[in-house]
Amino acid sequence: MSALPGASPAASVDLAPPRALATAAPLRLLAGTFAMGQAELRKLRHDPLDLFTRSVQPLLWLFVFGTALQSTHALQTAGVDYRAFITPGIMAQAALFISIFFGLAVIWERDVGQLQRLLATPLPRTAIVLGKAAGASVRSLVQAVLLLIVVAIAGIGLRWTVLGVIGALAMLMLATAGFASLSICIAACVKKRERFMGIGQLIMMPLFFASSALYPLSIMPGWLHVIARVNPLTYEVQGLREMLVGVGGGELWLDFGVVFVFTALMVALATRLYPRAIL
């Protein structure tokens, strides 16, 4: 039978079933995220020294600051060794440092013209953001594993369970992706690296000190306690501490929920703002 007059083969090809379209979109997003994640991993593989130099700072916090305050009685840590108590906070702080300044790469890509070429590809913007966030998460994962190895060698008393360590690393990577997406949002609105560095410091230090990373929430004054309760880093540290030490001070499902919602919101905002980085 001949084709109907006016009908074109191209038109019939474009009429894909709705189910196929619904399936193709997530697969395209996943493939784009994987491709961007691979690109970030290649950068990491070509500069492994950066990871080891960044690992020095959390070790100094742990063994210098932690040892200095280990014997103080003002910090009530539920009978836990203070170095063990702050290990989750130091892990979160090291990952926060990586993620907050991750947006510098976006500014560099814009300056060399790579960002314009990247946005011209058919990759979904969400996939680009997720891929870059995955790169920051992998960096924080490697750094956290190195820190845990040193902690184990030093004999600091963490609760070494398989589920606890895996869950803590998953929480760390999820939160790092959220803060890296926040950094991308800042980079999309800031054009100069110096200004970005200043804003990054302005955000990172209050986030760190207005959390339970170094001390329990119970010793905070009322106004600081309120700020800590709306700080996503607090819930990240609580979850890490619950899984690695056993004294988190909160509900683990709530900690994961808050971190997940924060990350989802930051990824959505970064997806919307990312194209503005080329303006």
Query raised in the report: Is it the case that segment 181-203 has a residue that's touching a residue at least 60 places away in the same chain (Cβ under 8 Å), surrounded by 17 or more Cβ atoms within 10 Å (Cβ to Cβ) and within 24 Å of Val245 (Cβ to Cβ)?
Result: no
Query raised in the report: Pick from segment 114-139 the residues that are of a type in the set (S, T, N, Q), assigned to a helix (DSSP H, G or I) and modelled with pLDDT under 85: which of them is nearest to Ala31 (Cα to Cα)?
Result: Thr126
Requested in this report: Answer yes or no: is there a residue in segment 140-157 that is touching a residue at least 60 places away in the same chain (Cβ under 8 Å), outside any helix (DSSP H, G or I) and surrounded by fewer than 16 Cβ atoms within 10 Å (Cβ to Cβ).
Outcome: yes
Query raised in the report: Quick check: anything in segment 208-215 in a loop (DSSP other than H, G, I, E, B) and surrounded by fewer than 17 Cβ atoms within 10 Å (Cβ to Cβ)?
Result: no
Report summary line: Those residues of segment 85-130 which are within 30 Å of Leu214 (Cβ to Cβ) and of a type in the set (S, T, N, Q) amount to Thr87, Gln93, Ser99
Query raised in the report: Which of the residues that make up segment 241-271 are touching a residue at least 12 places away in the same chain (Cβ under 8 Å), assigned to a helix (DSSP H, G or I) and not hydrophobic (A, V, I, L, M, F, W, C)?
Result: Arg241, Glu242, Asp255, Thr263, Thr271
Report summary line: So the helices (runs of 4 or more DSSP H) completely within segment 1-95 holding 3 or more residues that are modelled with pLDDT of 75 or more are 49-60
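Yes or no, residue by residue, for (1) more than 16 Å from Leu172 (Cα to Cα); (2) among the basic types (Lys, Arg); (3) crowded, with 24+ Cβ neighbours inside 10 Å:
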{"site": "Thr87", "(1), (2), (3)": "no, no, yes"}
{"site": "Met91", "(1), (2), (3)": "no, no, yes"}
{"site": "Gly103", "(1), (2), (3)": "yes, no, yes"}
{"site": "Trp108", "(1), (2), (3)": "yes, no, no"}
{"site": "Asp111", "(1), (2), (3)": "yes, no, no"}
{"site": "Leu115", "(1), (2), (3)": "yes, no, no"}
{"site": "Leu119", "(1), (2), (3)": "yes, no, no"}
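The values are calculated or read from the model by the stated rules, or taken from the named source; none is laboratory data. Values in this document were obtained by computation on a predicted structure and should not be read as measured data. Glycine also receives a Cβ, built like all others from the backbone with ideal geometry; neighbour counts cover every protein chain displayed.
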